[in-house]
Amino acid sequence: TDAETFIESCIAADETRQMFRTIERRARVGSIALSRGGDVYARTAELGYWLAEEYWGRGIMTQAVRQICEEGFARWDSLLRVYAVAYAHNAASCRVLEKAGFTLEGVLRQSVFKWNEVHDSCMYALLREESPD
């Protein structure tokens with residue numbers, strides 16, 4: 001599944017370039033990761049996350065996004081920006097990012113091909129100076 005692939009890639013990652021956390025409520029119910037870019041993108045990190053559907057709408061992911069971003073900015077002094085890309089039709093995921101302080105930077109038209117369909121996605125970002133201390 002997509003969730004399993006995401007978790008496996010995070011576990012295998014180098015901790016100097018990536019942070020991975022599991023979200024647990026009596027059992028593993030989700031995961032979240034920050035992945036730093038390389039070369040000219042070394043001061044930027046991509047945020048990715050997944051949460052089991054039965055836990056949606058409880059504020060769990062919003063809290064996890066805030067926490068991992070705070071950890072990322074604290075651990076990596078040179079980090080200036082965290083970004084996330086959400087499917088445009090996934091209003092709940094977009095809302096998680098907005099509630100966590102991210103700003104919508106734009107819509108990436110026809111940027112995703114999944115489930116045999118083309119989808120738009122939304123680019124969100126949080127800058128260091130916008131992150132709560």
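The values are calculated or read from the model by the stated rules, or taken from the named source; none is laboratory data. Everything quoted here is computed from the prediction, not taken from an experiment. Here the Cβ positions follow ideal geometry from the backbone for every residue, glycine too, while neighbour counts run over all protein chains shown.
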In the range 85-102, the residues that are surrounded by 18 or more Cβ atoms within 10 Å (Cβ to Cβ) and either among the charged types (D, E, K, R) or assigned to a helix (DSSP H, G or I) (or both): Ser93, Cys94, Val96, Leu97
Any hit, the range 66-84, residues being assigned to a strand (DSSP E or B), in contact with a Ser or Thr (Cβ under 6 Å, 6 or more places away or on another chain) and within 21 Å of Ser31 (Cβ to Cβ): no
Qualifying positions in the range 4-45 - at pLDDT below 70, acidic (Asp, Glu) and either over 19 Å from Gln67 (Cα atoms) or buried (at least 19 other Cβ atoms within 10 Å of the Cβ) (or both): Glu4, Glu8, Asp14
Flag if Trp56 is of a type outside the set (D, E, K, R) and out of contact with any strand residue (DSSP E or B) (no Cβ under 9 Å at 6 or more places or on another chain): yes
